[in-house]
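Peer 1: Dropping the structure in here first, questions after.
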């Protein structure tokens, strides 16, 4: 049983998560997030904690940001895009129970103090931006670190804001390089 309440987008996501774990779930109904839903999420955050687990697409990121801007202290779980895609459709509902469990095991919290452990030069030196393999590298690194896929600017933001350590980064980088050989 997961102690936190998991926030997902739709009822198909609820079904997929319930196949994987025993947890209380709140549904946003996509972009149809009402004040009542935000209030429920705030209450859940105060009582049990909340894990935001939205689809790994543009809409999912907008919903994640919308909730994060209104509810302090939420944790975040990210499902890799390739594990959430079925016949061109991206969503939590397409993931296997094993993929959902793996994503929830890598849950991250936002670090609130200003942190600049990583800079753009770190991304450049490690082929995470500015190279023909940057997209693939960010995708694999996001999966390895549990922070999901993002463009270069957003990836740098996630490295710093989710408290990724230099050691975690280096271990993930070695694993990804080994995998891509």
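Please treat every number below as a calculation from the coordinates, not as lab data. Owing to the predicted nature of the structure, the values given are computational and were not obtained by experimental measurement. FYI the Cβ positions are ideal-geometry reconstructions off the backbone, even for glycines, and counts take in every protein chain you see.
Peer 1: Using helices alone, what [θ] at 222 nm do you get for the chain, with -39,500 (n - 2.57) per DSSP H run of 4 or more residues, divided over all residues and rounded to the nearest 500? Before the final figure, lay out the partial values.
Peer 2: Numbers: 8 runs with 88 residues, N = 181.
Calculated at 222 nm, the ellipticity per residue is -14500 deg cm²/dmol.
Peer 1: On to the next question. Between residue 166 and residue 89, what is the label-to-label distance in nm when each label sits 7 Å out along the Cα-to-Cβ direction?
Peer 2: Output for this residue pair reads 4.6 nm.
Peer 1: Another question about this same structure. So in the chain, what percent of DSSP beta bridges are antiparallel if you round to the nearest 5?
Peer 2: Percentage antiparallel, nearest 5: 35.
Peer 1: Can you tell me the order of 46-53, 20-27 when each peptide is scored by its average per-residue count of other Cβ atoms within 10 angstrom, highest first?
Peer 2: Answer by packing, highest mean first, reads 46-53, 20-27.
Peer 1: Mind checking the angle between helix 166-180 and the chain's longest principal axis? C-alpha axes, 0 to 90 degrees, to the nearest 10.
Peer 2: Rounded to the nearest ten degrees, it is 80.
Peer 1: Which value in nm describes the separation of the simple spin-label points at residue 112 and residue 3, placed 7 Å from the Cα toward the beta carbon?
Peer 2: About 1.9 nm separates the two model spin labels.
Peer 1: For the chain, set up a GNM with springs between Cα atoms under 10 Å and report which of 39, 132, 12 has the largest fluctuation.
Peer 2: Its mean-square fluctuation being the largest, the pick is 132.
Peer 1: When the chain is treated as a GNM, springs tying every alpha-carbon pair under 10 Å, which of 131, 99, 109 comes out with the largest mean-square fluctuation?
Peer 2: Evaluated over the chain, the most mobile residue of the options is 131.
Peer 1: Stretched out fully, how many nm does the piece from residue 12 to residue 36 gain, at 0.36 nm a residue minus the Cα gap?
Peer 2: Roughly 6.5 nm would be gained on extension.
Peer 1: Still on this model: For the chain, modelled as a GNM with alpha-carbon contacts under 10 angstrom, which of 101, 92, 63 fluctuates the most?
Peer 2: For the chain, modelled as a Gaussian network with Cα springs under 10 Å, the answer is 101.
Peer 1: Moving to a separate point now. I want to make sure I understand the PRE zone here: with the label point 7 angstrom from the Cα of residue 125 toward its beta carbon, which residues in the stretch 147-164 have backbone N atoms less than 16 Å away?
Peer 2: Of the residues in the stretch 147-164, 156, 160 have backbone N under 16 Å from the label point off residue 125.
Peer 1: Of the labelled options (1) 22.0, 69; (2) 16.1, 50; (3) 16.5, 54, which one gives Rg and Dmax of the Cα atoms in Å as computed for this structure?
Peer 2: The calculated read-out lines up with (2).
Peer 1: Taking the chain as the reference, fit the longest principal axis to its C-alpha atoms, fit the long axis of helix 11-20 to the helix C-alpha atoms, and give the angle between the two in degrees, 0 to 90, nearest 10.
Peer 2: Its long axis makes an angle of about 70 degrees.
Peer 1: Right, something else. Sticking with the crude label model, points 7 Å out along Cα→Cβ, report the distance from residue 19 to residue 133 in nm, one decimal please.
Peer 2: 3.4
Peer 1: In percent, what relative contact order does the chain have, based on Cα pairs under 8 Å that are 6 or more apart in sequence?
Peer 2: Result for the chain is 18 percent.
Peer 1: For the chain, find the longest principal axis of its Cα atoms and tell me its angle to the long axis of helix 35-47, 0 to 90°, nearest 10.
Peer 2: Between helix and principal axis, roughly 80 degrees.
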